[in-house]
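For reference, the structure discussed in these notes is given below.
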Amino acid sequence: MENDRDRFELKIPPRLDYLSTVRRFVEDLSRQAGFREPDIEKIVMSVDEAASNSITHNGANREPLSIAIESTDAALIIRVQDSGASFGARFIEEVELDTHLNEMRGNGLGLHIMKSFMDAVEYERTGEDKNLLTMTKFLNP
């Protein structure tokens, strides 16, 4: 990208039918930032997981989901923010992948996928009672 730091933000209603818009948004920005296809797919899948988890666990909350992306010369920093219930305890849990797969659980791997595909993943509960998930993917030289 031309600038040292570009920032983009997408706000969507908390509905799963908007995930294709999120995926295109993230894919386009990842490509413009210079990522290659395998990393673009990992970034898109991680953001898709974060957004779908936010929407699915949002309950009756109708506030928009915010996806902010900062692009620097070295990385993409993606922040997904929602007003749902805290998921701090689930964020800390380590997934026993073999057990999870042997029990054929249909869900619960989203955070594992994000942590595996991204270079850094951080969670915080903001002072405004919002969840903020920050994921970073570094651009390899």
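The values are calculated or read from the model by the stated rules, or taken from the named source; none is laboratory data. Quantities reported herein were computed from a predicted structural model and do not represent experimental measurements. Counting neighbours? That spans all protein chains shown, and the Cβs are built from the backbone with ideal geometry, glycine included.
Brief remarks follow.
- Residue count for segment 37-55, restricted to those that are polar (S, T, N, Q) and at pLDDT 95 or above: 1
- Residues (within 20 Å of N58 (Cα to Cα), modelled with pLDDT of 80 or more and polar (S, T, N, Q)) located in segment 105-131: T126, N131
- Selection within segment 50-71 - under 14 Å from T134 (Cβ atoms) and of a type outside the set (A, V, I, L, M, F, W, C): S54, S66, E70
- Matching residues in segment 4-49 - criterion: being touching a strand residue (DSSP E or B) at 6+ places or on another chain (Cβ under 8 Å), more than 19 Å from L133 (Cα to Cα) and in a loop (DSSP other than H, G, I, E, B): D4, A33, F35
- If the condition is being within 24 Å of N58 (Cβ to Cβ) and over 16 Å from the mean Cα position of the chain (by Cα), then segment 14-46 contributes only D17.
- Reported count of residues in segment 111-141, each being out of contact with any Ser or Thr (no Cβ under 6 Å at 6 or more places or on another chain), among the hydrophobic types (A, V, I, L, M, F, W, C) and in a loop (DSSP other than H, G, I, E, B), is 1.
- Residue satisfying all of: in segment 53-72; among the aliphatic types (A, V, I, L, M) and over 24 Å from F138 (Cβ atoms); surrounded by the fewest Cβ atoms within 10 Å (Cβ to Cβ) among these: A60
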